[in-house]
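Structure record follows, encoded as structure tokens.
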Amino acid sequence: MNDRQYPYDPYAQDPYAQQLEIIGYDAYGQPVYQQQQSQEQPPQQYDAQQQPYGYDPYAQQQQPSYDPYAQQQQQQQYGYVDTAQQQQWIPQQAAPAPQPEPEPAPEPVPVSARVPVPEQRRPEPEYATEQFSFVEEPDENSEDVIDWLKFTESRTERREEARRRGRNRVVSLVVALTLVVAGGVGYLWYAGLLPGVAGKGDAPANASGPDKRDVIAVHLHTRQGATSTALLVDNTTTGQGTTVLLPNSLSVANDDGTTTTLAKSVDDDGSTGTREAIGSVLGTKISGTWRLDTPYLENLVELVGNIDIDTDTDVPDTKKGATPVVRQGKEQTLSGRMAVAYATYRAPGEAEDKQLQRFGQVMQGVLKKISDDPQAATTTVRTLAQILDPSLPEKDLGASLAKLAEHAKRGKYKTVQLPVQPDGKLSDSAAGSVVKDILGGSASSPEQGAAVRVGVKNAHGNTDATETARIALITGGYAFVDTGKATAVVTSSQVSYGDAAQKAEAQEVAKTLGLPAEAVRKGKAAANADVTVVLGQDFEVK
């Protein structure tokens with residue numbers, strides 16, 4: 001038994017309430033109902049004033065209390081739905097109207113004219129307020145909630161900011177350490193202090209192949225006509241700079257192959273002939289010649305701002321009773337005039353080598369002061385306004401001086417003197433220490449089309465043997481190099497070559513000199529020659 005109580009509905013006990021019967025379904029699948037008249041009492045008639053199908057706004061004043069849920073429950077209980085009650089509200093009559101006489105039942109309404117009743121949803125059950133316990137939701141706009149949200153947000157932001165700062169510090173530290181390490185390694189590489197690693201312009205210790213060199217010949221001319229010659233060598237492979245001082249007594253060859261001294265060659269043949277003669281004797285290529293007269297040397301020292309060198313002697317003034325122009329001592333500052341006086345000074349009875357060494361000191365002092373920027377060095381050369389040799393334009397000379405200045409500022413520069421014998425021929429020590437190591441000598445192959453250098457040492461016992469060999473070689477198109485006399489006489493002549501590529505040339509040299517093929521052998525050639533010939537007594541002197 002259902003104990004649920006429903007509100008009172010005055011129509012629930014109406015004996016004349018209509019009952020609906022499902023008689024079919026329409027095209028939309030909805031049920032179609034048929035109204036049936038009660039057997040006990042005919043249908044109730046309503047007066048037109050009651051407006052059963054209309055709406056009277058003034059009738060609301062007499063409307064009793066209306067409970068829609070109770071009406072829906074009643075309809076659900078009896079299994080029908082009053083379409084008119086769903087669509088409009090029918091006011092309740094205060095008192096039942098007099099019932100007229102029963103009338104015959106009307107004709108059944110056609111199915112097509114019947115109004116389908118929409119499907120009704122089951123009413124939701126009612127609940128009393130006391131049946132629920134409500135949890136009060138926090139107000140997001142309250143001050144406590146706002147303060148708490150601000151606190152949590154600010155704490156989260158502080159944590160994120162701390163993490164970002166930490167990451168930034170780590171990144172900055174790593175970048176700083178990387179820069180420091182890279183800078184340190186770069187400096188060590190530049191200075192050439194890394195073991196087994198080449199610095200800027202330096203070659204590895206195990207580098208193979210000939211070094212690349214740039215050589216310039218410098219001729220210093222005094223007003224009295226004296227000359228001094230030096231070679232400025234820039235070894236671009238090892239990053240070393242060297243000044244090689246050449247004695248005036250060095251034996252060189254003229255254009256016709258005859259022998260002369262370096263000083264006489266400078267006066268007679270000029271720059272081009274002397275440059276080729278020096279290159280032939282030393283077995284190296286000289287790219288250009290720089291004639292530096294003493295007035296230009298004085299201006300050059302003034303342009304670079306004076307030089308500081310260690311002087312080995314006092315240089316007196318030409319005027320009697322005057323104080324010395326240059327004082328002996330450490331780190332003496334020399335002006336242009338003082339530098340010229342020191343570079344050209346040779347005391348009475350003093351060896352030529354002393355004056356040549358002073359010239360080398362002045363040149364190295366100039367290189368320490370000149371700019372290592374090629375453009376700035378070229379500007380200095382142009383300011384001198386001197387007439388240069390066509391083989392060495394201002395731009396090339398400026399670039400070469402800038403490279404040499406870089407070596408001098410780094411402490412990678414030295415000055416050496418080429419040792420020669422009293423007759424002007426190269427000594428054995430010169431062949432190893434200077435010609436081969438500094439100038440390259442025959443370690444580098446001659447240029448394409450260049451004449452093969454043939455060094456001749458006289459071991460025949462007859463001094464005319466050298467001249468006979470010289471004429472034969474020059475006629476054959478070879479470059480003659482006089483390497484002096486042997487200490488002992490030998491019976492059989494020898495033709496030696498150091499490079500296997502020169503074997504064929506050595507065989508041709510033997511034929512030119514009328515020597516047997518057995519005289520050709522692989523050995524150690526002279527440092528300043530491609531092929532070396534030792535003339536023995538089997539060589540025919542003409």
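The values are calculated or read from the model by the stated rules, or taken from the named source; none is laboratory data. None of these values were measured; they are calculated from a predicted model. Methodologically, a virtual Cβ is constructed for each residue, glycine included, from the backbone with ideal geometry; neighbour enumeration extends over all protein chains shown. The accessibility values were calculated without ligands, DNA or RNA, using every heavy atom of the protein model including side chains. Shrake-Rupley method; radii C 1.70, N 1.55, O 1.52, S 1.80 Å.
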Fill in the blank from the handout: Any lysines whose Cα falls less than 28 Å from that of Lys485, other than same-chain ones fewer than 8 residues away, would be Lys264, Lys285, Lys354, Lys425, Lys436, Lys457, Lys503, Lys511, Lys522, Lys524, Lys542
Practice task
Rounded to whole Hz and in sequence order, give me ³J(HN,Hα) for region 326-334 from the Karplus expression 6.51 cos²θ - 1.76 cosθ + 1.60, θ = phi - 60°, writing x for Gly and Pro.
Solution key: 10, 9, 6, x, 7, 6, 7, 8, 10
Completion exercise
Length gained if Asp293 through Ser172 is fully extended, taking 0.36 nm per residue and subtracting the Cα-Cα distance, is 37.7 nm
Problem - Stretchable slack from Val490 to Arg159, in nm (0.36 nm times residue separation minus alpha-carbon distance) - result: 109.6 nm
Exercise for the section: Tell me which residues come under 5 Å, amide H to amide H, from Gln240 once H is placed; ignore anything under 5 positions away on its chain. Expected result: Asn235
Exercise for the section: Determine, from the Cβ-Cβ distance of Lys264 and Ile471 and an R0 of 30 Å, the FRET efficiency 1/(1 + (r/R0)^6), rounded to the nearest 0.05. Expected result: 0.90
Completion exercise
With a Förster distance of 22 angstrom and the Cβ-Cβ distance between Glu302 and Glu394, calculated FRET efficiency to the nearest 0.05 equals 0.75
Fill in the blank from the handout: In order over region 220-227: 3J(HN,Hα) from phi, Karplus 6.51/-1.76/1.60, θ = phi - 60°, whole Hz, x for each Gly or Pro, gives 8, 10, 8, 5, 7, x, 6, 10
Exercise for the section: Please work out the average accessible area per residue across region 314-438, using the 1.4 Å probe convention, and give it in Å². Expected result: 51 Å²
Completion exercise
Ignoring ligands and nucleic acids, Leu177 exposes an accessible area, probe 1.4 Å, in Å² to the nearest 10, of 100 Å²
Practice task
Mind checking the full-extension length gain between Asp255 and Glu331? Use 0.36 nm per residue of separation minus the Cα-Cα distance, one decimal, nm.
Solution key: 22.9 nm
Exercise for the section: Just reorder Thr222, Thr229 by solvent-accessible area, largest first, 1.4 Å probe, all chains present. Expected result: Thr222, Thr229
Problem - Compactness relative to 2.2 N^0.38 Å, alpha carbon Rg of region 461-535 - result: 1.01
Exercise for the section: Would you please give the residues with an amide H less than 5 Å from that of Ile307, counting only those at least 5 places away or on a separate chain, with H modeled from the backbone geometry? Expected result: Leu334
Exercise for the section: Using θ = phi - 60° and the Karplus relation 6.51 cos²θ - 1.76 cosθ + 1.60, list the HN-Hα couplings for region 509-515 in order, rounded to whole Hz, with x at every Gly or Pro. Expected result: 5, 4, 5, 5, 8, x, 9
Practice task
Using amide H atoms built 1.01 Å from N in the peptide plane, name the residues 5+ places from Thr415, or on other chains, whose amide H lies under 5 Å from its own.
Solution key: Thr243
Problem - Within the accessible area of region 313-439 (1.4 Å probe), percent carbon and sulfur - result: 50 percent
Practice task
Would you mind getting me the FRET efficiency between Val180 and Gln357? Use the beta-carbon distance for r and R0 = 45 Å, nearest 0.05.
Solution key: 0.55
Problem - 16 Å reach of a label modelled at Lys414, 7 Å along Cα-to-Cβ, counting backbone N of region 347-379 - result: 361, 364
